[in-house]
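What follows is a short report on a single structure.
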Amino acid sequence: MYLVDLYSLPFPVHNDEVELMRLETELIWPGVDLFGISQYLFLPFYLVSSFGWVGRVIGGIELSTMRVVHAGLGLLTIAAS
């Protein structure tokens with residue numbers, strides 16, 4: 001139900017969503033060390049760039065698209081556990 005109504009539900013924008021989208025747009029540039037540590041929660045760049053890659057494939061790096069990516073990952077984590 002959450003993924004179906006995701007585009008119509010009014011949610012507030014959190015600071016971490018904006019920061020993740022900024023990092024994902026910066027990782028497009030060549031010369032980024034994917035095995036380096038990012039500034040966001042000291043996560044590896046390859047983890048943040050994988051979110052950006054999936055977001056670009058399904059519709060671009062926008063707030064609604066990135067929420068679908070994060071919600072899908074959350075549901076996959078629940079199913080795997």
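The set of residues from the range 46-69 being within 12 Å of T25 (Cα to Cα) and in contact with a Ser or Thr (Cβ under 8 Å, 6 or more places away or on another chain) comprises V48, G52, G55, I61. On the stretch given as the range 41-59, residues that are under 29 Å from V4 (Cα atoms) and either hydrophobic (A, V, I, L, M, F, W, C) or not in a helix (DSSP H, G or I) (or both) total 8.
Per the listing Y2, Y7, Y46, the residue uniquely modelled with pLDDT of 75 or more and either of a type outside the set (V, I, T) or surrounded by 15 or more Cβ atoms within 10 Å (Cβ to Cβ) (or both) is Y46. Restricting E24, E62 to those that are over 18 Å from V4 (Cα atoms) and among the acidic types (D, E) reduces the list to E24. Among the residues of the range 68-78, those that are surrounded by 11 or more Cβ atoms within 10 Å (Cβ to Cβ) and under 16 Å from S50 (Cβ atoms) comprise V68, V69, H70, A71, G72, L73, G74.
The values are calculated or read from the model by the stated rules, or taken from the named source; none is laboratory data. Only a predicted model underlies this, so the values are computations on that prediction, with no experimental measurement involved. For neighbour counting, all protein chains shown are included, and Cβ atoms are generated from backbone atoms with ideal geometry for every residue, glycine included.
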